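The values are calculated or read from the model by the stated rules, or taken from the named source; none is laboratory data. Worth saying up front: this structure is predicted, and the values here are computed from it rather than measured. Cβ coordinates were reconstructed from backbone atoms using ideal geometry, including for glycine residues, and neighbour counts include every protein chain displayed. Just so you know, the surface numbers come from the protein's heavy atoms only, side chains and all, with ligands and any DNA or RNA stripped out. Shrake-Rupley method; radii C 1.70, N 1.55, O 1.52, S 1.80 Å.
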Amino acid sequence: MFLENFEREILASQTKPLSGGIVASNLKINDNRTGLLTLTGDILITLKVLDLTTLGAFRIQSLMKSSEQTIMNKLRGGADSDQIIFYEYSSVKNTFTNKQRTYSLKYNFNYTAKLIQINSLSQLAGNDFVLALVDGIGHRFTDMYGRKYVSGGLAKKNGGPAAVIYKEWEKNYLIGVHEFFHTLGLPDLEESGMENRLMYHLGRVGSNITNNEKAAMNKFIMYDLRDMTKGSYSNPGYNTANQLRTFLNDKSNGFIYNKAKFR
Amino acid sequence: MVLYTIKRNLGSIIIGCCLLACNNSHHTNEKVLAVKIDSCQLSLSFGDAVMAKMGECRYCHLRGDVPRFEENVPTLTELAAMDSLKISNFIFIGGHSGMYKESSSPLFKRKLDSLDDCEKRNLIHFIKDYKRSQIAN
């Protein structure tokens, strides 16, 4: 009986459409046989937006639209990775062998981004990405030169939740994109001369993304190259709702938000 | 009265001589300290770029929250839990020896040799970040 149920569950999960922050389909590897692998496929990035502000986020729809467009534009257009040492790809068997090989890698995914407003934690799956809108952030940080700054947004890197002060997001929607790109693995930039970059975070945010940053995000999205051979893929669970709860309750982050909305 | 004035003047002269002697001794003992200025700035973005330049370690050393690549390949979180010296030994001395087959080994060695001290420190700084709070502004 137990085995039958287990079997049924497995069958059901196999027919269930993929969901989560990253959903990829039509994945293909093209080997040009001179050491260049081109990765193609359709990837949908979904970011769920949870309004935790006291007064409400009246411009949320237009801000979500602008952010969606920017996320899509920044990810699109392909990216070249540095030469990598990995396993040899066999295009005949569509598998990676045990033999080592040096490759150049080209990411050429067709990206679509979708921002969805949610009203409760029950709408968050374990492998979703989330951006919370809050009233304030008490967290202060010190840059590499020893100067102190207030935070307009905060994120837990590499798949974790992101949060932005709604008033700041209203002033500049790119702050939300900046925070989400931390979720996709990008670090902050502080060096002088980088003020026009999206990941710059000392008092202003630029809009530029470099090829290396694009490659790093592609690397985060398709973190295990062997998944490319499966044809379709969705990201593993990050335990998003629990991570968000811990993130918001962490006193050192100093979030100010409407706790009644966090349900 | 005259005697008292002479005594006071002599006292002043003696104190003055002592102060002068102290000052002189200070000057003779003065040392010139050569301070070596460390111009290497640690930054996560630089460490990230070094990792990409090295051949992107993250294709095999996956993050700690996803299934590991292979049983004997440590995740980035496991590497980050080591102290800096151990990480350095792992990368630059022993950890990878024998892991790369003949075809890839020269390239990897070339990449390792091309790193300067500051790049190595930034690479380790970036790896160590996987064990920190991971909070970014």
Within region A:105-133, the residues whose backbone N lies under 16 Å from a label point placed 7 Å from the Cα of A:Arg59 along the Cα-to-Cβ direction are A:133
Each residue of B:43-53 has, on average, a number of other protein chain C-beta atoms within 10 Å of its C-beta equal to 5
Taking R0 as 60 Å and r as the Cβ-Cβ distance between A:Asn119 and B:Leu42, the FRET efficiency 1/(1 + (r/R0)^6), rounded to the nearest 0.05, comes to 0.90
For region A:160-263, the Cα gyration tensor yields equivalent-ellipsoid semi-axes (√(5λ), largest first, whole Å) of 26, 23, 11
The simple spin-label model distance between A:Val150 and A:Leu18, using points 7 Å out along Cα→Cβ, in nm, is 4.3
Rounded to the nearest 10, the angle in degrees between the Cα long axis of helix A:2-15 and the longest principal axis of the Cα atoms of chain A comes to 80
For chain A, averaging the sequence separation of alpha carbon pairs under 8 Å that lie six or more residues apart and dividing by its residue count, the contact order in percent is 25
Relative to chain A, whose Cα atoms define the longest principal axis, helix A:240-249 and its Cα axis are tilted in degrees, nearest 10, by 30
Computed over all unlike Cα pairs, the Kirkwood hydrodynamic radius of region A:13-261 in Å stands at 19.1
Taking a crude spin-label model, label points 7 Å out from Cα along the C-beta direction, the A:Asp250 to A:Asn110 distance in nm is 3.8
Which of A:Lys48/A:Lys156; A:Lys74/A:Lys219; A:Lys167/A:Lys214; A:Lys48/A:Lys148; A:Lys65/A:Lys106; A:Lys106/B:Lys111 exceed 23 Å between C-alpha atoms? The answer is A:Lys167/A:Lys214; A:Lys48/A:Lys148; A:Lys65/A:Lys106
Whole-percent carbon and sulfur contribution to the accessible surface of chain A (1.4 Å, no ligands, DNA or RNA) stands at 51
Given A:32-43, A:61-72, the highest-first ranking by average Cβ count within 10 Å works out to A:61-72, A:32-43
